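Let me begin by presenting the structure, written as structure tokens, before commenting on it.
The values are calculated or read from the model by the stated rules, or taken from the named source; none is laboratory data. Keep in mind it's a predicted model, so treat the numbers as computed, not measured. We place every Cβ from the backbone using ideal geometry, glycine too, and count neighbours over all the protein chains shown.
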Amino acid sequence: MENGLPRFQCMPESSGTWMVWDNETGRPATLGGCIIGGRSEMRARTACEILTKIYNNRLDARSIRRTVQR
């Protein structure tokens, strides 16, 4: 990201649960249309890792597609 922050990060909620925040959109992260919040810290961190891998793989696929099309 341009601001130096990772795309996704885990954040504690006031209720004591955890959520995954999307720094690119400035909103809670979603997976399958569901907001990733109200989770244990372990589940939120796991979801954050999964979203990061999905996002990174999409970027890799886009760059491969551009290279092949040239």
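Being in a loop (DSSP other than H, G, I, E, B) and among the charged types (D, E, K, R) is the filter; apply it to segment 2-22 and report the residue that is farthest from Arg39 (Cα to Cα). Show your work before the answer.
Our first condition is that a residue be in a loop (DSSP other than H, G, I, E, B); within segment 2-22, this holds for 2-7, 13-17.
Going one step further and asking which of them are among the charged types (D, E, K, R), we end up with 2, 7, 13.
Numbers: Glu2: 28, Arg7: 19, Glu13: 9 Å.
Per the criteria, the residue is Glu2.
Taking (1) modelled with pLDDT of 95 or more; (2) in contact with a helix residue (DSSP H, G or I) (Cβ under 9 Å, 6 or more places away or on another chain) in turn, Ile35 satisfies each apart from (2).
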